[in-house]
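Each remark here refers to the structure printed beneath this line.
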Amino acid sequence: MVLRMQSLNPPHLVSVDGPIIVGAGPSGLAVAASLGEEGMPFLMLEREDCIASLWQKRTYDRVKLHLPKHFCELPRMPFPDHYPEYPTRRQFIDYLEDYAATFKIKPEFNTTVLSAHYDNTSGLWHAQATGPGGAQTEYIGRWLVVATGENAVNVVPDIPGLGGFSGEVTHVSHYKSGEPYHGKRVLVVGCGNSGMEVSLDLCDHGAHPFMVVRDAMHVIPREVLGKSTFELAMLLLAWLPLWLVDKIMIFLAWLVLGDLDKLGIHRPAVGPLTLKHTQGRAPVLDTGALARIRSGQITVVPGITRFTNSDAVLSDGTAVHVDAVILATGYRSNVPQWLRATDFFGKDGYPKTEFPNGWKGQFGLYSVGFARRGLSGASADAVHVAKDLCQVWKEERPAKKAVRPTYRRWNCCHLTDLTLSFGN
C-alpha cells in the first residue's frame, strides 16, 4: 500500500507500507517477485523508462548470456524450454518483461533517487527523488532495498589527449553494431568480455580493430567438449578445493586455446576463480576472438600513454593511426552518489561484507546485485532479502494471511557460497 500525502510545499510525501526498492533491473525484479508472491507490498523506483535498462539500452546487438541459461534464471520462473543454451539479448529482455508481467511488477519509471538516508528519530528511511516533469517526491518507509547494481555508471578513463582526438570516441554502452565502422581502424580500449566481443563484431563488419591489452588476464574457452566451462568448474568445486580447480581450469584453457603469450595476452599469477572470488575480475570467455587474433584480423596492442589528433601512442612508444575509439572500460556502482550516512557500502559502491553475507545492513537496509557473481549471485541475494523481509512483516501482521505461491518454486540448490560468475 502506498499513501500519498501532499504537503503545503513541495516535495510531495509518499508513505510506503513495505520496502522501497531502488532499481528495476534483474536484481530489483527478483526481490519484487519474491515479495509479491508472499503478499508483501513494495514500491519500486526506476530512473529509466523501462525495466532492465542496461540490457535494453546499453548492450550491443550480438551479446548473449555468457553462461548456460539455468544459471541465469531469476527466482520462481525458468527460461522457456525453446530458448537456446545461451539466450540472446532480445530473448533475455523478453524473459525479463514476461517476468515483470507474470508477477505484476509495476515500477515508478522516470524516477531518479537523488539521496536516501535513515532517520534515527523516526526509525524510517527517507528517499528524495525527481520524477516525470521534475516533480520532487520524498518516499518514506521502514526498509530500503538497494538494487541499482554494479553497472549503473559508465567508467571513462582519463587518458591524456583523448579530448583532443579528432575521431569518434564511444563508450561501449552506446555501441550497437560494427556496421558504422566498416573499413575503419578502430581502437578498442579494454579486453574483457565486452572488449573481446566488440572486437570480434567489428571484424564481422569489415572493420580493423586494435584491442588494448594492458594487464594480465585469464581467457578460457566457453565450452570444453560441448560442456560449459563454468558448469564444469561448479561441479569440480563441489568436490575439490578452489586452488586445485583453478589449476584444472588453466590446464584446460592451455589445452584448448594454446599458449596465449605469443598473442600478447599474459595470464595472472592468481587463478581465474580465485581472482573472481577475491577481486571480482571475471575471466574472459572466448567465443571466437582468439581465432581472429591469430589470423591477424584483430591486432593486440599494449597500454596507451596518450592520444594525438589522429593517433594512439602506446606504452612501447609506437603510434597507431586510428579512425575511432571504443571504450570497453566497463561500469561502476553509483551508490555512494545518493546513499547517505551509512558505512554498509564502501567508497567503491559495494557492500563491505563479502558474499554470501553482503545482502543485509542495519536498520532495514538491504542490497541485491553487488555480489560480483552475476545473475546467479543476484538471485541468491534476492531470495535471502525477500525471506528476511517477509518474516519480519508477517510477524508484525499475525492476522494477515500470506498469499500462496502460484508458480513453480525456483530451484537454487546450485547457488552455494562458492558460486562464481564468469561474466553475467
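The values are calculated or read from the model by the stated rules, or taken from the named source; none is laboratory data. None of these values were measured; they are calculated from a predicted model. Note: ideal-geometry Cβ built from the backbone for every residue, glycine included; neighbour counts use all protein chains shown. Only protein heavy atoms, including side chains, enter the accessible area calculation; ligands, DNA and RNA are left aside. Shrake-Rupley method; radii C 1.70, N 1.55, O 1.52, S 1.80 Å.
Worth a mention:
- Only one residue of S228, C50, M77 has its Cα farthest out toward the positive end of the dipole of the chain, where Lys and Arg carry +1 and Asp and Glu -1 on Cβ, and that residue is M77.
- Dipole magnitude for the chain: about 520 debye, using +1 per Lys or Arg Cβ and -1 per Asp or Glu Cβ, origin at the Cα centre.
- Calculated from backbone phi, Karplus (6.51, -1.76, 1.60) coupling profile of the stretch 265-276 in Hz, x at Gly/Pro: 10, 10, 7, x, 6, 7, x, x, 6, 5, 5, 5
- Ratio Rg/Rh [Cα only; Rh per Kirkwood] for the chain: 0.99
- Taking the DSSP bridge list for the stretch 124-251 and keeping only pairs wholly inside it, about 60 percent are antiparallel.
- For the stretch 1-110: relative contact order, % (alpha-carbon pairs under 8 angstrom, 6 or more apart): 28
- Here the stretch 1-154 exposes an accessible surface that is 52 percent carbon and sulfur, computed with a 1.4 Å probe and the other protein chains kept in place.
- Seen from P336, the other residues with C-beta closer than 10 Å to its C-beta sum to a net charge of +2, counting Lys and Arg as +1 and Asp and Glu as -1.
- Computed from point charges on the beta carbon alone (+1 for Lys and Arg, -1 for Asp and Glu), the dipole magnitude for the stretch 154-298 about its Cα centre is near 180 Debye.
- Accessible surface, per residue, of the chain when the full set of protein chains is kept, probe 1.4 Å, Å²: 45
- Among beta bridges that DSSP assigns inside the chain, antiparallel share in %, nearest 5: 50
- Calculated mean residue ellipticity at 222 nm for the chain: -8000 deg cm²/dmol, from DSSP H runs with n ≥ 4 weighted as -39500 (n - 2.57), summed, divided by the residue count and rounded to 500.
- Highest-first arrangement of 322-334, 376-388, 232-244, where packing means the average Cβ count within 10 Å: 376-388, 322-334, 232-244
- C-alpha long axis of helix 26-37 to longest principal axis of the chain, angle in °: 30
- Computed over protein heavy atoms with a 1.4 Å probe, the carbon and sulfur contribution to the accessible area of the stretch 178-278 reaches 61%.
- Dipole orientation for the chain: of the candidates I105, A328, I93, I105 has the Cα lying most toward the positive pole (charges on Cβ; Lys, Arg +1; Asp, Glu -1).
- Remark: for residue pairs K184/K262; K247/K387; K176/K276; K176/K387; K69/K176; K69/K262, the C-alpha separation exceeds 32 Å in K247/K387; K176/K387; K69/K262.
- Model label sites at D343 and K227, defined 7 Å from Cα along the beta-carbon direction, differ in position by 4.7 nm.
- In terms of its C-alpha gyration tensor, the stretch 24-114 has an oblate overall shape, because the principal axis ratio a/c (a ≥ b ≥ c, square roots of the eigenvalues) is not below 1.5 and a/b does not outweigh b/c.
- With K and R counted +1 and D and E -1, the other residues having a Cβ less than 13 Å from that of N193 yield a net charge of +2.
- With a cut-off of 10 Å between beta carbons, the residues surrounding H208 carry a summed charge of +1, where Lys and Arg count +1 and Asp and Glu -1.
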